[in-house]
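To start, the structure under review is shown below, and the notes come after it.
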Amino acid sequence: MQVQAGDGVRLRFALWPEGAKGRVLILPGRTEYCEKYGRVARDLLARGYGAVTLDWRGQGLSERLTPDTRAGHVKSFRDFQKDLQALLEALDELGEARPKVMIAHSMGGCIGLRALLRGLRVRAVAFSAPMWGIRMRPHALPAAWGLSTAARLMRISHRYVPGSGPDMWLRNQLFEGNLLTSDPDTYAWLVSHLEAEPDLGLGGPTLGWLNAALREVMALSLAPSPAVPVHVGLGTDEAVVSTRAIRRRMARWPNGTLVEYPGARHEIMMERPELRNAFLDAATALFDRTAG
């Protein structure tokens, strides 16, 4: 299905059947797309929940934002709030109830936290490796700030972050050594998506995306934790987002629980069945407890 954001950007979303317990709002991460959550939607339905998700602007089959359609770009993370609002309004127009619970992964966790602070009404949230900080060496952070800020001021934010480019990492990276999942079956399944539909793929982030992300995670780090019950899942082999930022946030989230999943990498919902099921069981148990 398609919808248009308030600023005219065309977006794509997917709506699975509503379960007996309602529907989960899934906020995906950078480079992701609706089909990637097909198995998650199936697993949620087995637990009584339907699902809805979207392709963020600039990725999946939503409208790309630069002439180079492989570039992962956004001007401001606040633009993603326009996408989320458009999705919720589309549900209203379809006569579908707005989801009362949410699962957010990686970049979606950053967007989801901002949405909660802006007043998004959900009764409980599960975060998977939320991007509340970007993992990089301490000495690299000042350079990332300086280079990405200079690119914004010089109006060359559309250029790739040094070391990245238009290649779709997932298609070029062998399973061994990948940062996403320790499950070879799921990894092969994800690669098959891009082989079947290359337009789903995305290359590296632009300097504009990097600067927008750095500004947003810094702003969020200064914000209070919302009064919403939350479960956060973090893999012990996490190597994409900042684990330090997650632990700091959860140390001051009164209604929050942080669980570290042994051997899990960045994408817990794309992990081995025992890890994936453990996270979804914890998430839906929280959703069930807060129902009323």
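Points to keep in mind about this one:
- Mean Cβ count within 10 Å, highest first, over the residues of peptides 198-211, 140-153, 162-175: 198-211, 140-153, 162-175
- For the chain, the dipole from Cβ point charges (+1 on Lys and Arg, -1 on Asp and Glu) about the Cα centre works out to 1180 debye, to the nearest 20.
- Enclosed volume per residue, in Å³, of the convex hull spanned by Cα atoms of segment 133-229: 166
- With an a/c value of 1.5 or above and a/b not larger than b/c for the gyration tensor axes a ≥ b ≥ c computed over the alpha-carbon atoms, segment 199-292 is described as oblate.
- Scaled radius of gyration (Cα, divided by 2.2 N^0.38 Å) that the chain gives: 0.94
- In loop segments of segment 155-230 as defined by DSSP, the GluC sites (Glu not before Pro) with at most 12 further C-beta atoms inside 10 Å of their C-beta are Glu176.
- According to the calculation over all Cα-Cα pairs in segment 50-163, the P(r) per 5 Å bin from zero is 2, 9, 16, 21, 20, 15, 9, 6, 3, 1, 0 %.
- Modelled spin-label separation between Met136 and Glu260, with each label point placed 7 Å from Cα along the Cα-to-Cβ direction: 2.5 nm.
- 222 nm mean residue ellipticity, helices alone, for the chain (DSSP H n ≥ 4; -39,500 (n - 2.57); rounded to 500): -11500 deg cm²/dmol
- In the chain, lysine pairs closer than 24 Å at Cα, eight or more apart or cross-chain: 5
- Bridge type composition, segment 2-289 - antiparallel percent by DSSP, nearest 5: 30
- Most to least packed among 76-84, 23-31 [average Cβ atoms within 10 Å]: 23-31, 76-84
Any read-out appearing in this document is the output of simple, stated calculations on the displayed coordinates, not a laboratory observation. Given the structure is predicted, the values throughout are model-derived calculations rather than measurements. All Cβ positions, even for glycine, are placed from backbone atoms using ideal geometry, and neighbour counts span all protein chains on display.
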